[in-house]
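The values are calculated or read from the model by the stated rules, or taken from the named source; none is laboratory data. Since this is a predicted model, take the numbers as computed values, not measurements. So basically every Cβ, Gly included, is an ideal-geometry build from the backbone, and we count neighbours across all protein chains shown.
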Amino acid sequence: MPQRPAEPPATFAEQHRHLADDVLIWAELQLRPLLRRRLDPEDLAQEVWGRALRAFPTFDPARGTFRQWLFGIAWHTLRRQLRDWHRRYRREDPTAAGWHLAAAATDGRTSVPTKVARSDRARQLLLALSDLAEDERQLVQFRGLEGLSHAEVARRLGLTEVNAESRWRRLRQRLADLLPE
């Protein structure tokens, strides 16, 4: 996992620079191959940042970290996009819906600039994550990306807190060994 500074950045632009790769990796993990035919992870990440920018004046550090707030927005954005997609296509003819999905999958106008902007480290991490077991990907998502506590991760994965912490430590070291500095 990328090293994080001790003090989180203060401005929205600094937060974006600090967390952009994490949001993109989170979106990649959420949108498995079947969903990617309908929703692009880069578009999802861009939508999350757009919503966060509009809501930034309401961010209250007394209620939690920026990371927690941002990933709350990310989850709501994903649910909204899935709900909107479902409403849009469930009433249409299945053949027509398939045609629209195929057209959307081949239209790279919005995703090409964001693909170019991806950092090499994020791409390398995504490759490493693709080889992980599902429970390890969830551990990266919950602890590494969303920043949940070991106790919350343990609850979500059905582990003890000590086990969640030791698995996270081992997995982090394994990923660090795979990724160049």
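Please give the number of the condition GLN81 fails out of (1) modelled with pLDDT of 50 or more; (2) assigned by TED's automatic domain parsing to the domain that holds ALA27; (3) over 15 Å from the mean Cα position of the chain (by Cα).
Failed condition: (3).
Only residues that are small (Gly, Ala, Ser) and either under 20 Å from PHE142 (Cα atoms) or modelled with pLDDT under 90 (or both): list them for segment 2-61, please.
ALA6, ALA10, ALA20, ALA27, ALA45, ALA52
Here are some residues: GLN15, GLN46, GLN30. Which one is polar (S, T, N, Q), over 12 Å from the mean Cα position of the chain (by Cα) and within 25 Å of ARG123 (Cα to Cα)?
Only one candidate qualifies: GLN15.
Out of LEU145, LEU127, LEU159, which single residue is surrounded by fewer than 12 Cβ atoms within 10 Å (Cβ to Cβ) and not assigned by TED's automatic domain parsing to the domain that holds VAL23?
On inspection, the qualifying residue turns out to be LEU127.
So which residues in segment 119-167 are free of Cβ contacts under 8 Å to residues at least 12 places away in the same chain, under 21 Å from PRO41 (Cβ atoms) and charged (D, E, K, R)?
Those that are free of Cβ contacts under 8 Å to residues at least 12 places away in the same chain, under 21 Å from PRO41 (Cβ atoms) and charged (D, E, K, R): ASP120, ARG123, ASP131, GLU134.
Tell me which residues, restricted to segment 26-69, are in contact with a Leu (Cβ under 6 Å, 6 or more places away or on another chain), under 25 Å from SER149 (Cα atoms) and of a type in the set (A, V, I, L, M).
ALA27, LEU31, ALA45, ALA52
Quick check on my filter: what residues within segment 55-83 are surrounded by fewer than 19 Cβ atoms within 10 Å (Cβ to Cβ) and aliphatic (A, V, I, L, M)?
Within segment 55-83, ALA55, ALA62, LEU82 qualify.
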